[in-house]
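The values are calculated or read from the model by the stated rules, or taken from the named source; none is laboratory data. Everything quoted here is computed from the prediction, not taken from an experiment. Cβ coordinates were reconstructed from backbone atoms using ideal geometry, including for glycine residues, and neighbour counts include every protein chain displayed.
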Amino acid sequence: MRILIISDIHSNLEALEAVVSAAPAFDVAVNLGDIVGYGASPNEVIERSRQLGTVFVRGNHDKAACGLIDVAEFNPIAGMAALWTREVLTPANLEWLRDLPQGPVRLDDSLDAQFVHGSPIDEDEYVVTLRDALDPLTYSSVTFTFFGHTHLQGAFWRNGKEAFDAVHPAYPVQDAHESFEVALRPEVQYLINPGSVGQPRDGDWRAAFAWFDSEGLRLVFHRAAYDLERAQKRILDANLPPRLASRLAIGR
Ligand code: ZN
């Protein structure tokens, strides 16, 4: 099965469209949550995401936008964006967000993979460092766990009891579209973050995603350039905090 894995789109329609154009052929698209929040196209992004696939995990921004959690838990800028999102979402899209499943989500029993927003232990946990990855990798026996939430593209793995390591893709060229393949090994357990489609925070402004072939055992990270100015203009036109537009240009 060839799976397109996307996460943290954050209402950035231009970035999502660039991902769809750059993505290799896939059988299933899996969305790891934070579909909305920060950006200015929440309804459009929900509708486009639903055309792409039916497998979703909810993120913390999805919960905040539809009122499942209090925005007081957010920093002021994220909270303002969540309240703005709640106001502009159609009633149908609000209800759809409210019904999104909590991770871990599985695709089917034959595939030894699970999909979460934060970690398999806690949907809101941030797995940033190798140290953060130790517990989720030890707690779960699933071979492939795909997660988002940190907006940092990369993978952690565990080989037996003691050996843990990490990889973060290096893209020397920063072209319109680049990919980075990770050599997967059998018997090794992986935690894989496709990165953020709509608000990357690893210093690379381009939209991030991952492509996974479960039969060929291939994992490829991708970055795709998108119409940044247009996404920024939408944020400014919506009177969202200007910082949400400027940070997109630096990938932070
Ligand atoms: Zn996010």
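Scanning region 188-221 for residues that are more than 20 Å from residue 117 (Cβ to Cβ) and not hydroxyl-bearing (Ser, Thr, Tyr) turns up 188, 203, 204, 205, 206, 213, 215, 216, 217, 218, 220. Can residue 60 be described as over 17 Å from the mean Cα position of the chain (by Cα) and of a type in the set (S, T, N, Q)? When the stated conditions are applied, residue 60 does not pass them. Taken across region 159-172, residues that are more than 24 Å from residue 49 (Cβ to Cβ), among the charged types (D, E, K, R), buried (at least 18 other Cβ atoms within 10 Å of the Cβ) and out of contact with any Asp or Glu (no Cβ under 7 Å at 6 or more places or on another chain) do not occur at all. Any residue at all in region 32-47 that's in contact with a strand residue (DSSP E or B) (Cβ under 6 Å, 6 or more places away or on another chain), outside any loop (DSSP other than H, G, I, E, B) and not polar (S, T, N, Q)? No. Filter region 20-43 down to residues that are within 15 Å of the ligand (Cβ to nearest atom) and either at pLDDT below 95 or among the β-branched types (Val, Ile, Thr) (or both) and give me whichever is farthest from residue 111 (Cα to Cα). The qualifying residue farthest from residue 111 (Cα to Cα) is 36.
When residue 70 is tested against (1) more than 13 Å from the ligand (Cβ to nearest atom); (2) acidic (Asp, Glu); (3) touching a residue at least 60 places away in the same chain (Cβ under 8 Å), exactly one condition is not met: (3).
Return the residues of region 1-19 that are away from the ligand (no atom under 16 Å from the Cβ) and either farther than 15 Å from residue 235 by Cα or in contact with a Leu (Cβ under 6 Å, 6 or more places away or on another chain) (or both); say none if nothing qualifies. Selection gives 1, 2, 3, 4, 17, 18. Scanning region 191-206 for residues that are touching a Ser or Thr at 6+ places or on another chain (Cβ under 8 Å), buried (at least 22 other Cβ atoms within 10 Å of the Cβ) and not β-branched (Val, Ile, Thr) yields 191, 193, 194, 195, 196, 198.
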